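Take a look at the structure set out below.
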Amino acid sequence: MEKEGMTVWITAPQASVLAALDKRRRLEEQETKAELIRAGLSSKEARIRIINMRPQIWPPLEDIVASSLRWRLADEDLAREWDPLTPDELDRLKLSGRWPGPNNGIRLVQRNYDFPADLALQLRTAAWRMSERALAELHERGLVGSGKKLTEEQRRVRDELALQLYPPARIVRQALTDYPPALPE
């Protein structure tokens with residue numbers, strides 16, 4: 001399966017939950033390995049068994065995040081037959097950097113995930129199509145760009161329009177909130 005790297009910004013509490021989940025996963029792997037060795041397997045045999053168990057029992061964090069994201073993208077507001085992205089739109093969506101708008105005092109943490117390519121495209125398409133009207137208006141009004149000096153009124157308008165944006169990172173944050181990540185039972 002082809003994967004595509006994406007950088008997203010999640011909240012600090014979401015990052016903490018994922019870190020705790022990862023720690024739990026590592027501890028469970030270690031405990032299981034010790035149990036297998038006590039049951040008579042060699043260390044090498046136990047490690048091989050753990051490797052084979054990992055995808056179903058202890059998937060990597062990016063798979064867990066991807067699962068939450070798939071659920072979010074299936075929600076009514078995002079699960080649509082969107083027009084395919086043009087090559088220019090795809091190129092613009094691959095640029096690094098934040099989308100316009102304030103952070104509202106929320107501490108964000110950068111994370112990099114390798115998502116299945118189809119999921120990355122679905123996320124980018126939904127983000128762009130949900131945001132394109134507000135993005136167009138932001139550009140038409142000259143309210144975006146590095147180093148822009150905006151008046152108080154311009155900042156207010158920019159922030160109002162920014163609330164209508166659905167950047168990929170916002171959708172990922174919503175996914176982690178609405179469909180909390182967990183290890184398989």
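The values are calculated or read from the model by the stated rules, or taken from the named source; none is laboratory data. Just so we're clear, the structure is a prediction, and the values are computed from it rather than from any experiment. Neighbour counts run over all protein chains shown; Cβ positions are idealised from the backbone, glycine included. Areas reflect the complete protein model, heavy atoms only, side chains present, ligands, DNA and RNA absent. Shrake-Rupley method; radii C 1.70, N 1.55, O 1.52, S 1.80 Å.
Going by alpha carbons, how many degrees (0 to 90, nearest 10) lie between the helix axis of 12-38 and the longest principal axis of the chain? Between helix and principal axis, roughly 10 degrees.
Annotation: Cα Rg of the stretch 1-68 relative to the compact-globule expectation 2.2 N^0.38 Å equals 1.36. Surface analysis of the stretch 39-185 yields an accessible area of 61 Å² per residue, using protein heavy atoms and a 1.4 Å probe.
Under a GNM of the chain (C-alpha, springs under 10 Å), which listed residue has the highest mean-square fluctuation: 81, 62, 28? So, out of 81, 62, 28, the one fluctuating most is 81. To the nearest ten degrees, helix 168-178 and the longest principal axis of the Cα atoms of the chain are 50 degrees apart. Seen from residue 159, the other residues with C-beta closer than 15 Å to its C-beta sum to a net charge of +3, counting Lys and Arg as +1 and Asp and Glu as -1. Placing one identical point scatterer on every Cα of the chain and ignoring solvent, what is log10 I(q)/I(0) from the Debye formula at q = 0.12, 0.15, 0.18 Å⁻¹? One equal scatterer on each Cα of the chain leads to -0.67, -0.94, -1.21.
Here's the list of lysines a cross-link from residue 33 could span, going by alpha-carbon distance under 21 Å and ignoring same-chain residues fewer than 8 apart: 23, 44. Measuring spread by the Cα atoms of the stretch 101-184 yields a radius of gyration and Dmax of 15.2, 50 Å.
When the solvent-accessible area of the chain is split by element, carbon and sulfur atoms take up 50 percent of it, the probe being 1.4 Å. Considering only 39, 134, 15, the mean-square fluctuation computed in a Gaussian network model of the chain, springs between alpha carbons under 10 angstrom, is largest for 39.
Gain on full extension, evaluated as 0.36 nm per residue between residue 54 and residue 86 minus their Cα-Cα distance, stands at 7.7 nm.
Computed extension length for residue 45-residue 152: 32.0 nm, one decimal, from 0.36 nm per residue of separation with the Cα-Cα distance subtracted.
Sparse packing (at most 15 other Cβ atoms within 10 Å of the Cβ) combined with a DSSP loop state is found for the following trypsin sites (Lys or Arg not before Pro) in the stretch 84-185: 94, 98, 107, 141, 148, 149.
For the options 88, 75, 114, a Gaussian network treatment of the chain with springs between C-alpha atoms closer than 10 Å singles out 88 as fluctuating the most. With the convex hull of the Cα atoms taken as the outline of the stretch 59-108, the averaged projected area works out to 5.7 nm².
Straightening the chain between residue 106 and residue 79 buys 7.0 nm, computed as 0.36 nm per residue apart minus the Cα-Cα spacing.
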